Amino acid sequence: MSYTVDPGLYAVGQPDAGSPVLVTANYKMSFDRVRRSLDGRNAWLLVLETDGINVWCAAGKGSFGTNELVLRIEGARLEQIVSHRRVVVPQLGGPGVAAHEVKARSGFRVTFGPVRCEDLGRFIDAGFKAAPEMRRKTFDTWERLVLIPVELVDALKVAAVAVPLFFLLGGLGGPGTFWSNALNYGLFAVVCLVGAIVAGAVLTPILLPWLPGRAFSLKGLIPGIAMAVVLVGLRTSVWASPPAPLEIPAWLVLVPALSTYLAMNFTGASTFTSLSGVKKEMRIAVPLQIPAGVAGVALWIGSRFAS
Amino acid sequence: MRFPVYLHNVATLALDEDKCTGCGACLDVCPHAVLVRHNGRVRIDDRDACMECGACATNCPVQAVTVQSGVGCAMAVINTALGRSSSSCCCVIETSEQKAANSSGSTATPR
Ligand code: SF4
Ligand code: SF4
């Protein structure tokens, strides 16, 4: 399975010298979405080499940029193929593409298209004019939902390493046999890890606009604390064995700490966090998260061997 | 509170109104309508909504609008602090050298 398309000029439908030229990345999904959004309209698609990365990320990295665009315009001999002198660049390519430089170097005028592919048809029909809402990058519930699996996979990869460790340490120390201990304490540790991941990487993204605070780490604290309270309630009521001393405080500290850390990582997926803001948030959050994490683990290990 | 908007007063966006010609190039590229035209003059309307993507600065022909651009991603900050350069999509803050290396590399495969 291939995620890239060859860079260069493509025809969609039966374009002629008057058809619009739309620029996109060689990420297959971007390419297909543009093609689909044209919905029967004829157009030229100029695909830039972005190493299979989408327009926005590639523009940030510089590979979807002025230079690449000018080279592809020349390489495709675009001036001989179309009679007009306009290329439509997705607005999210803006950080990489300097319209005035493209114009100076290639003679082609860059018109920035809408943020969302789905608006492309309406944009073309309106004479290459974007309504104000087509220029806005939103971050609605659906857009956040589709990002959750990515966050989850990342978190679960790390958790996969931690789980056997918790089982092992859960089995050592404590009252009964190794296996009964591992099941009682290790299993609850796994439940707590999963709970923290759900709080930080699922609940926080979903509830993002309604959680108090602006910093993501702060937003992640509330679901984290709520999750910790629920889990501890579970541990002290329906769980097979009574909790070890220190076990409860350990999870009350660890679950929220993990949740705020994972919530903070969601800044990378979001569409409105600035680097200056993330740095500021981290200067405050990380010096609290690390000691909380260390203290939580220490308490839990203590709970295995105390008494 | 309007959403999405991030921290207060941190964005490094600046507009030199004396340099600005009012051409409007920056207005089209901003994904958060941070800049607006008001009585014929362009000005910063909603600084807190700025995500420092740099699109406005890239597209200003006279460098009237400036910003320290970067990707607002905690993992990227961590990776940079640890001296790692992870390849995960948006989550690397690259030096200009790496940028140049990236844009010249060719890995396309036929469909
Ligand atoms: S840096 Fe990006 S978000 Fe900030 S004003 Fe410029 S274009 Fe808008
Ligand atoms: S692009 Fe530059 S000169 Fe043009 S309106 Fe914006 S700030 Fe002013």
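To put it simply, the accessible area of the protein assembly as shown at a 1.4 Å probe is 62 percent carbon and sulfur.
Within the range A:76-111, which trypsin sites (Lys or Arg not before Pro) sit in a loop by DSSP and count at most 10 neighbouring Cβ atoms inside 10 Å?
A:R77
Of the beta bridges in chain A, as assigned by DSSP with both residues counted there, near 35 percent are antiparallel. Ligands, DNA and RNA are left out, and with a 1.4 angstrom probe the accessible area of the range B:14-66 is 44 Å² per residue. Is the shape of the range B:37-76 rounded, prolate or oblate, going by the alpha carbon gyration tensor and its root eigenvalues a ≥ b ≥ c, with a/c under 1.5 for rounded and a/b larger than b/c for prolate? The shape class here is oblate. Take the accessible area of A alone and of B alone, subtract that of the pair with a 1.4 Å probe, and the total buried over both chains is about 4500 Å². Counted by Cβ distance under 12 Å from A:A269, the other residues give a net charge of -2, where Lys and Arg count +1 and Asp and Glu count -1.
The count of lysine pairs in chain A with alpha-carbon distances below 30 Å, taking only pairs 8 or more places apart or on different chains, stands at 23.
Averaging 1/r over every pair of different alpha carbons in the protein assembly as shown and inverting the result gives a Kirkwood radius of 23.5 Å. Between the C-alpha center of the range A:53-109 and that of the range A:261-307 there is a gap of 41 Å. Accessible surface calculations at 1.4 Å, restricted to protein heavy atoms, place the range A:141-303 at 44 Å² per residue.
The values are calculated or read from the model by the stated rules, or taken from the named source; none is laboratory data. Keep in mind the model is a prediction, meaning the values are calculated, not measured. Quick reminder, even Gly has a Cβ in these numbers, built from the backbone with ideal geometry, and neighbours come from all protein chains shown. Side chains are part of the model used for accessible areas, which takes the heavy atoms of the whole protein and leaves out ligands, DNA and RNA. Shrake-Rupley method; radii C 1.70, N 1.55, O 1.52, S 1.80 Å.
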